[in-house]
1. Going through region 7-17 one residue at a time, which ones are within 15 Å of the chain's Cα centre (by Cα) and of a type outside the set (S, T, N, Q)?
2. Say we look at region 48-61 and pick out the residues that are hydrophobic (A, V, I, L, M, F, W, C) and under 15 Å from the mean Cα position of the chain (by Cα); which of these is surrounded by the most Cβ atoms within 10 Å (Cβ to Cβ)?
3. Among the residues in region 2-9, are any crowded, with 17+ Cβ neighbours inside 10 Å, in contact with an Asp or Glu (Cβ under 7 Å, 6 or more places away or on another chain), in a helix (DSSP H, G or I) and free of Cβ contacts under 8 Å to residues at least 60 places away in the same chain?
4. Taking Ile39, is it surrounded by 12 or more Cβ atoms within 10 Å (Cβ to Cβ), touching a Pro at 6+ places or on another chain (Cβ under 7 Å) and at negative phi?
5. Kindly indicate which of Leu77, Leu24, Leu13, Leu59 is touching a His at 6+ places or on another chain (Cβ under 9 Å) and hydrophobic (A, V, I, L, M, F, W, C).
6. Among the residues of region 13-20, is there at least one that is of a type in the set (Phe, Trp, Tyr) and assigned to a loop (DSSP other than H, G, I, E, B)?
7. Hey, among Thr34, Thr78, Thr26, Thr64, which residue is surrounded by 12 or more Cβ atoms within 10 Å (Cβ to Cβ) and either over 10 Å from the mean Cα position of the chain (by Cα) or of a type in the set (A, V, I, L, M) (or both)?
Amino acid sequence: MGGDQAPYQVNSLAAFVRKNFPHLKTAWYSGFDTIHRDITVSNFDFIKIGPYVEEKGGLRSASTNQIFYIVEKDGSLTRYHFPPRNG
């Protein structure tokens, strides 16, 4: 899910999915530089923050400004580094 215009609503939808469909994974992709205060990280399995800046590249780029987190069962965040593309 994206939702920088309405993070509270995105968070509410993720909570609904988490409660009613616990087998589904949820993710929030945001262009914000930090996790918005209306987001409860435990409602998500994955969170990506940071806008796409072409000069810095996407999540597979070593110089990216974006951060991808895996949300652990205890609510802590583990930063995930995507391997670079071959070729």
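Bear in mind that the values in this text are calculations on the coordinates, not laboratory data. These numbers come from a predicted model, not from an experiment. Cβ coordinates were reconstructed from backbone atoms using ideal geometry, including for glycine residues, and neighbour counts include every protein chain displayed.
1. Those that are within 15 Å of the chain's Cα centre (by Cα) and of a type outside the set (S, T, N, Q): Pro7, Tyr8, Val10, Leu13, Ala14, Ala15.
2. Ile49
3. In the first step, residues of region 2-9 are kept if they are crowded, with 17+ Cβ neighbours inside 10 Å; the result is 3, 7.
Checking which are in contact with an Asp or Glu (Cβ under 7 Å, 6 or more places away or on another chain) leaves us with 7.
Adding the requirement that they be in a helix (DSSP H, G or I) leaves 7.
So of that shortlist, the ones also free of Cβ contacts under 8 Å to residues at least 60 places away in the same chain come out as 7.
Among the residues of region 2-9, at least one is crowded, with 17+ Cβ neighbours inside 10 Å, in contact with an Asp or Glu (Cβ under 7 Å, 6 or more places away or on another chain), in a helix (DSSP H, G or I) and free of Cβ contacts under 8 Å to residues at least 60 places away in the same chain, which makes the answer yes.
4. Details: surrounded by 12 or more Cβ atoms within 10 Å (Cβ to Cβ): yes; touching a Pro at 6+ places or on another chain (Cβ under 7 Å): yes; at negative phi: yes.
In short, yes.
5. On the way: Leu77 fails: touching a His at 6+ places or on another chain (Cβ under 9 Å); Leu24 fails: touching a His at 6+ places or on another chain (Cβ under 9 Å); Leu13 fails: touching a His at 6+ places or on another chain (Cβ under 9 Å).
On inspection, the qualifying residue turns out to be Leu59.
6. Start the filter on region 13-20 by keeping residues that are of a type in the set (Phe, Trp, Tyr), which leaves 16.
Of the ones still in play, those that are also assigned to a loop (DSSP other than H, G, I, E, B) are none.
Looking through region 13-20, none of the residues is of a type in the set (Phe, Trp, Tyr) and assigned to a loop (DSSP other than H, G, I, E, B).
7. Working: Thr34 fails: surrounded by 12 or more Cβ atoms within 10 Å (Cβ to Cβ); Thr78 fails: surrounded by 12 or more Cβ atoms within 10 Å (Cβ to Cβ); Thr26 fails: either over 10 Å from the mean Cα position of the chain (by Cα) or of a type in the set (A, V, I, L, M) (or both).
Matching residue, one of Thr34, Thr78, Thr26, Thr64: Thr64.
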